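Here's the structure we're looking at; comments come further down.
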Amino acid sequence: MLSLGIESSADKLGVGIIDNDGKILANIRRTYKPPLGSGIHPREASEFHAKNIPDVINEALNISKLTMDDIDIVSFTKGPGLGPCLRVGAVAARTLALKYEKPLVGVNHPIAHVEIGRLVGNMVDPVVLYVSGGNTQIIAFSEGRYRVFGETIDIPVGNCLDVFGRNAGLSDKKAPMGRVIELLAEKGTKYIPIPYVIKGMDVSFSGILTHISKLIKKKEYTLEDLSYSLQETVFAMLVEVTERALAHTKKNEVLVCGGVASNNRLKEMLKVMAESHESRFFGLEPSLAIDNGLMIAWLGLIMYSRGYSTPLKETIVDQHYRVEDVVVNWRNEN
Ligand code: AMP
Ligand code: MG
């Protein structure tokens, strides 16, 4: 069985093709780049997706030497994400499904991150730290659903890094902003105390961003030291909450996914934490950690195999689709 998945929830447009053994046949991605110094403009990103999606679909089919006739399922991101961007993926999926008479599966984006991590990392039941430009959540499976054990109460950690970088005048033309900051942080030597904000199991980054943005303007500290201090602080917060979720659930695997999961320092900190609890750690490589069409194809295939498909009338997107909203019938354990 072959599944083609379309991801378009934010600035990335991805199309992936996977078979039911988890063999990766294609994983093509293009990224909308806003003008220097600006964030993602949802309408402009959606126009980028609409313009590029025919090419990206064709590229994925060509690289895997397949045609639409070979595809069994069309999957797309139902949410969460930016409305105009999500709608482009949903319209493309509906068009393919109608034209080629294929079943449709609308999937939850964070659960797709988790499931591709379980597949590639060979994990059974991990505590998952999902950290990206649009999301920050600690997710684990419990009693038939994925549950959020902790999350940001304001901005996502990737957004905190991206805005810090833009405020510092850094460019993300050659590498993602988080990577640019990571390289600077590796050269930092001095830890500058900045607020460390955990509320219960939730984290908050907007006050930290305001604080560090003021420090940039003061010009008292180097960007290397500021990057280092920001990373050490926000990553320690994330590791602390992940650790508490791990201790509470008594699981023995830790998975990190989302674009920020590409960060080596974050992976190092999580690994030390996991191993101190006799747990296995796995971090996805960037092509699968960052938003991609393959994870959407894989979750669509899993759900379809368990009898699920989305009737055409229900293929509307949901910007606030939560992981708890999905009944998980493809996992047996609690
Ligand atoms: P996503 O939202 O999953 O597509 O991931 C995009 C986010 O990942 C952006 O906030 C990037 O700055 C961030 N990112 C990418 N690479 C890295 C890295 N090496 N370290 C930290 N953040 C990163
Ligand atoms: Mg994501």
Take the residues of the stretch 23-80 that are at pLDDT 95 or above, outside any strand (DSSP E or B) and polar (S, T, N, Q): which is surrounded by the fewest Cβ atoms within 10 Å (Cβ to Cβ)?
THR67
Which of the residues belonging to the stretch 273-303 are away from ligand 1 (no atom under 16 Å from the Cβ) and either in contact with a Phe, Trp or Tyr (Cβ under 9 Å, 6 or more places away or on another chain) or closer than 16 Å to SER9 by Cα (or both)?
MET273, ALA274, GLU275, ALA297, GLY300, ILE302, MET303
Please count how many residues of the stretch 97-125 are open to solvent by less than 20 Å² (accessible area, probe 1.4 Å) and either out of contact with any helix residue (DSSP H, G or I) (no Cβ under 9 Å at 6 or more places or on another chain) or away from ligand 1 (no atom under 16 Å from the Cβ) (or both).
6
Restricting attention to the stretch 235-267, the residues that are open to solvent by 20 Å² or more (accessible area, probe 1.4 Å), in a helix (DSSP H, G or I) and more than 23 Å from GLU186 (Cβ to Cβ) number exactly 5
Pick out the one residue from SER171, SER206 that is at pLDDT below 95 and open to solvent by 40 Å² or more (accessible area, probe 1.4 Å).
SER171
Within the stretch 268-288, does at least one residue satisfy the condition of being crowded, with 24+ Cβ neighbours inside 10 Å and within 16 Å of ligand 2 (Cβ to nearest atom)?
no
All but one of (1) within 16 Å of ligand 2 (Cβ to nearest atom); (2) modelled with pLDDT of 95 or more; (3) within 30 Å of GLU59 (Cα to Cα) hold for LEU238, so report the exception by its number.
(3)
Restricting the stretch 1-22 to residues that are of a type in the set (Val, Ile, Thr) and away from ligand 2 (no atom under 16 Å from the Cβ), the one surrounded by the fewest Cβ atoms within 10 Å (Cβ to Cβ) turns out to be ILE17
Tell me, yes or no, whether the stretch 44-65 has at least one residue that is within 14 Å of ligand 1 (Cβ to nearest atom) and under 18 Å from the mean Cα position of the chain (by Cα).
yes
Selection count, the stretch 81-130, where residues are under 17 Å from TYR321 (Cα atoms) and assigned to a loop (DSSP other than H, G, I, E, B):
2
Could you please let me know if ASP154 is at pLDDT below 95 and either assigned by TED's automatic domain parsing to the domain that holds GLU253 or surrounded by 20 or more Cβ atoms within 10 Å (Cβ to Cβ) (or both)?
no
Within the stretch 126-151, take every residue that is among the polar types (S, T, N, Q) and either crowded, with 21+ Cβ neighbours inside 10 Å or within 21 Å of GLU268 (Cα to Cα) (or both) and give me the one that is farthest from ligand 1 (Cβ to nearest atom).
GLN137
Here are some residues: TYR191, TYR221. Which one is exposed (fewer than 14 other Cβ atoms within 10 Å of the Cβ), in a loop (DSSP other than H, G, I, E, B) and assigned by TED's automatic domain parsing to the domain that holds ARG265?
TYR191
Residues of the stretch 83-103 satisfying the condition of being farther than 20 Å from LEU299 by Cα and touching a residue at least 60 places away in the same chain (Cβ under 8 Å)
GLY83, LEU98
Taking GLY133, is it part of a loop (DSSP other than H, G, I, E, B), within 16 Å of ligand 2 (Cβ to nearest atom) and of a type in the set (Gly, Ala, Ser)?
yes
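The values are calculated or read from the model by the stated rules, or taken from the named source; none is laboratory data. Everything numeric in this text was worked out from a predicted model, so none of it was measured. As a convention, Cβ positions derive from the backbone with ideal geometry for all residues, glycine included, and neighbour counts pool all protein chains shown. For accessibility, only protein heavy atoms count, side chains too; no ligands or nucleic acids. Shrake-Rupley method; radii C 1.70, N 1.55, O 1.52, S 1.80 Å.
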